[in-house]
Amino acid sequence: MTTDGPTGPGQGHARWYDDEAGPVVRPYAMTRGRTSTEAEPRLDLIALVIAEDRHGEPLDDQTLSPEHVDIVGLCRDAPLSVAELAAELDLPLGVVRVLIGDLLDAELVHVSRPVPPAELPDEQILREVIDGLRAL
Amino acid sequence: MVFGRSERRRKQDAPDPVTLKILVAGGFGVGKTTLVGAVSEIKPLRTEERLTEAGRPVDDLAGVEGKKTTTVAMDFGRITLREDLVLYLFGTPGQDRFWFLWDELARGALGSVVLADTRRLEDSFAAIDYFERRGIPFMVAVNCFDGAERYPAETVRDALDLDPEVPVMLCDAREKDSAKDVLIAVVEHAMHVSARRREPALP
């Protein structure tokens, strides 16, 4: 956790929250308190986040937090799943989803469409999975 | 953290890869993360969900009114089968009370492995019930711990009262080849289940 702002420890009696609140509040400070995003249904754990190709143009958008920039950087070379991004950035899934939602709005990333949840993947794909596993 | 980036660097305009997931469920300490680690190309990663919102089914926190939070960890691994086909393996949280997280994990899963330990078969009941009720294709893999008595798969099937079509096999979750065989068995089972569901119902 890197956010150790004016409400961090050592503020003595000025603190308005109890100790237990700390780890909850801080990650959500990165999302400015938002706990969900409209993009939520598309952000399955294994949905892949893929950075849009911007021809190496640097990200200088002032509205982006360092965590936003980290996400774009991580997905630039190879797509990473929502779960991998959360693990890599050591952030709760809920926080990462909100941040990815912002990046989708800013058209800096796109997200792969997972197999529709209600159906099993088709037989051809399952055969390919079996062949792939045998070859490991 | 090893992401093997150089091999995974993709060509521009390549189609987005297809991702699939298999769940690995079972009681605490049965070897879920060990099995994931045996076949994953990355060291199993951990992602966390913090439970804070009111109304979440965390009944055991009643009385502390949101002061206490619980972190649920999910360990997962990845197998890149081809550049455009990636399989993720998710270990389910050991604590049964996080059912709503199971729902998120199970959504879109192609199938599940229930890992069982013959010394504590009852620890796998909750997972078996869960997958049976939701019609998620699953198999039971008995993790053969050193020093635990071996039982034939059929004995385990009877003890767990499984339907005849549910595959049961013995495995060693530490061994890559054994873990691979388990995954192949669950995908084959998922194929049979989906073929059967596609058949028109008999009149």
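Throughout, read-outs are computed from the coordinates displayed, never taken from laboratory work. Just so it is clear, the structure is predicted and the values come from calculations on it, not from any experiment. Here the Cβ is made from the backbone with ideal geometry for all residues, glycine too, and neighbour counts use every protein chain on show.
Contour minus end-to-end for A:Arg113 and A:Asp53, with contour as 0.36 nm per residue of separation and end-to-end as the Cα-Cα distance?
19.8 nm
For the stretch A:36-134, rounded, prolate or oblate, judged on the Cα gyration tensor with a ≥ b ≥ c (square roots of eigenvalues), a/c < 1.5 rounded, else prolate if a/b > b/c?
prolate
Under a plain spin-label model, where a point goes 7 Å from the Cα along Cα-to-Cβ, how far apart in nm are B:Arg82 and A:Asp60?
About 4.3 nm, to one decimal.
So if we plug the beta-carbon distance of B:Glu175 and B:Asp129 into 1/(1 + (r/R0)^6) with R0 = 30 Å, what FRET efficiency do we get, rounded to 0.05? List each step's numbers first, then the result.
Details: r = 28 Å, r/R0 = 0.95.
So the FRET efficiency works out to roughly 0.60.
Which whole number gives the average count of other chain Cβ atoms within 10 Å of the Cβ atoms across peptide B:86-93?
On the way: counts 6, 4, 5, 0, 3, 0, 0, 0.
If you average over the peptide's residues, the count of other-chain Cβ atoms is 2.
Between A:Ser36 and B:Asp146, what FRET efficiency follows from the Cβ-Cβ distance if R0 is 45 Å, with the result rounded to 0.05? Present the calculation step by step, with values, prior to reporting the outcome.
Working: r = 46 Å, r/R0 = 1.03.
The value I calculate is 0.45.
For the stretch A:36-90, which trypsin sites (Lys or Arg not before Pro) are both in a DSSP coil and crowded by at most 12 other Cβ atoms within 10 Å?
A:Arg54
Using Cα pairs closer than 8 Å and at least 6 residues apart in sequence, work out the relative contact order for the stretch B:15-198, in percent.
Relative contact order comes out at 26 percent.
To one decimal place, what orientation-averaged projected area in nm² is obtained for the convex hull of the Cα set of the stretch B:15-198?
Hull-based average projected area comes out at 12.3 nm².
Which distance in nm do the two modelled labels at A:Asp90 and B:Lys43 give, with both placed 7 Å along the Cα-to-Cβ direction?
1.3 nm
If you take the beta carbon distance between B:Asp163 and A:Asp77 as r and set R0 to 45 Å, what does 1/(1 + (r/R0)^6) give as a FRET efficiency, to the nearest 0.05?
Working from the Cβ atoms, E equals 0.50.
For a test of the definition: using alpha carbon positions, the gyration tensor, and the 1.5 limit on a/c, classify the stretch B:145-203 as rounded, prolate or oblate.
Values: a/c = 5.65, a/b = 1.70, b/c = 3.33.
Note, shape of the stretch B:145-203 comes out oblate.
Evaluate peptide A:76-89: per residue, the Cβ atoms of other protein chains within 10 Å of its Cβ; return the mean as an integer.
Per-residue shielding by partner chains comes out at 6.
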